[in-house]
Amino acid sequence: MDSISLNRFNALLLFFILLVVALYFGRLFLVPFTFGTLLAMLLVPVCRWLEKHHINRVPAVFISLFLVLLFIIGLFAIISAQIVNFSNELPQMQQRLGETLNTLQKWVEQQLGVEPQKQIQLLKKAASNLFKSANSQATALVSGVVGGFTNFAIVVIYVFFLLWKREKYESFVLQLTEKEHHSQVKDTLYEITKVASEYLGGRLLSMAMLAVIYVVGFSIIGLKNAVLLGLIAVIPTIIPYVGPLIGAFFPLVMALTSGDTGAFVPVVLVLVAAQAMDNYFIEPFVLGSNLSLSPFMTIVSIVIGELIWGVAGMILFIPLFAIIKIVCDHIPVLQPYGFLLGEDDDGKPAWIDKIKKLLKKK
């Protein structure tokens, strides 16, 4: 009995090692393909709605992709227009930044006893080390931008073919299983598509609401370029837990260089209040329990995703873990793993379900 358990453990360990190796070395193909698959799941309801209104499959797919491209172009247009306004204020910001640095130098001299000349020497040394790696970083940035456009084009192609021939891929999965299990497999595929689309759609809707809160809050406290800062602050929040901390950096820097030292604390309050509203009201209502991952497993998926696929993994591994949970829930042997990945029943806000039931009745 012990030998059987040991053999099974070794087999599982070998499987996970091979899986990690395959995911890591196959990331150039798997990352765009996973993005394309999840985006296709998000657009399936749009395509079905268009097809119900007597639009053929291919035009429906093109219209769905066009809506996505239109959204991206509109977002870039808003950010570009705000950047133009932001660039006009750069000379004033540089002057205020210089004044802030002078104040900081005096504070360091008073508190730590380091003379301004020595501080400048330390800064020059740090700057020289930074400039040594500037060329390689610039090259990496250019190649990253080019690779990003290439991957985006590949993702669009994947989405087109996945939506165009979506029944074929469902039939392929059904052919891999016995006929008596087809109904269960169809339910599993439907649930996977539903969870993936609702997660991505809910995440985008949550980000949009959070951006509105940021922009309104920054505008009320009088922070300049509130729209630009709100959009920049909300983009990293697509990554749970870590993203809000990254996004908060830019508004805080703007508050420090705005010339008004009293703007820093209000910006912090806006960021904290917005995240509290997002965590306790927006996300529970928009996402609800559709993802069904425990907070601990969500963090684990982010860490593992970053180790294997980098930033893309931090975004993609959350819905992938949710899909794994659905598969485990529908296979009796794997149900304990689904239980481990899932959230506790007492972690679901009861008021969310009550509101949703009222909306369904109406």
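The values are calculated or read from the model by the stated rules, or taken from the named source; none is laboratory data. What you are looking at is a predicted structure, and each value in this text was computed from that prediction instead of being measured. Note: ideal-geometry Cβ built from the backbone for every residue, glycine included; neighbour counts use all protein chains shown. Surface accessibility is based on the protein's heavy atoms, side chains included, excluding ligands, DNA and RNA. Shrake-Rupley method; radii C 1.70, N 1.55, O 1.52, S 1.80 Å.
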Seminar exercise, completed: Residue pairs qualifying under the 6 Å Cβ cut-off, at least six apart or on distinct chains, with the first in region 328-355 being in a helix (DSSP H, G or I) and of a type outside the set (A, V, I, L, M) and the second being open to solvent by 50 Å² or more (accessible area, probe 1.4 Å) and at pLDDT 65 or above, are 328/334; 328/337; 338/329
Exercise. Which residues, counting only those in region 28-48, are open to solvent by 70 Å² or more (accessible area, probe 1.4 Å), farther than 13 Å from residue 159 by Cβ and at pLDDT 90 or above?
Worked result: 29
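Report yes if residue 173 is of a type in the set (Val, Ile, Thr) and within 30 Å of residue 234 (Cβ to Cβ), otherwise no. Please lay out each step first, then the result.
Details: of a type in the set (Val, Ile, Thr): yes; within 30 Å of residue 234 (Cβ to Cβ): no.
No.
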Problem set entry | Leading residue by the ranking (modelled with the highest pLDDT) among those in region 231-263 that are open to solvent by less than 80 Å² (accessible area, probe 1.4 Å) and outside any helix (DSSP H, G or I) | 248
Exercise. Among (1) modelled with pLDDT of 85 or more; (2) open to solvent by 40 Å² or more (accessible area, probe 1.4 Å); (3) under 23 Å from residue 38 (Cβ atoms), which single condition is residue 330 missing?
Worked result: (1)
For this session: From the list 22, 60, 11, pick out the single residue that is part of a helix (DSSP H, G or I), under 24 Å from the mean Cα position of the chain (by Cα) and of a type in the set (Gly, Ala, Ser).
Result: 22
For this session: May I ask you to list the residues in region 223-249 that are among the hydroxyl-bearing types (Ser, Thr, Tyr) and either closer than 15 Å to residue 273 by Cβ or without any contact (Cβ under 8 Å) to a residue 12 or more places away in the chain (or both)?
Result: 237
Exercise. When residue 286 is evaluated against the numbered criteria (1) of a type outside the set (Lys, Arg); (2) at pLDDT below 65; (3) within 30 Å of residue 152 (Cα to Cα); (4) open to solvent by 80 Å² or more (accessible area, probe 1.4 Å), which criterion, by number, is the only one it fails?
Worked result: (4)
Problem set entry | Members of region 289-309 found to be exposed (fewer than 15 other Cβ atoms within 10 Å of the Cβ) and free of Cβ contacts under 8 Å to residues at least 24 places away in the same chain, listed by number | 296, 303, 307
Problem set entry | Number of the condition not met by residue 182 [criteria: (1) over 26 Å from residue 303 (Cα atoms); (2) at pLDDT below 85; (3) buried (at least 18 other Cβ atoms within 10 Å of the Cβ)] | (3)
Exercise. Taking region 166-207 only, how many residues are touching a residue at least 24 places away in the same chain (Cβ under 8 Å), more than 17 Å from residue 327 (Cα to Cα) and hydrophobic (A, V, I, L, M, F, W, C)?
Worked result: 3
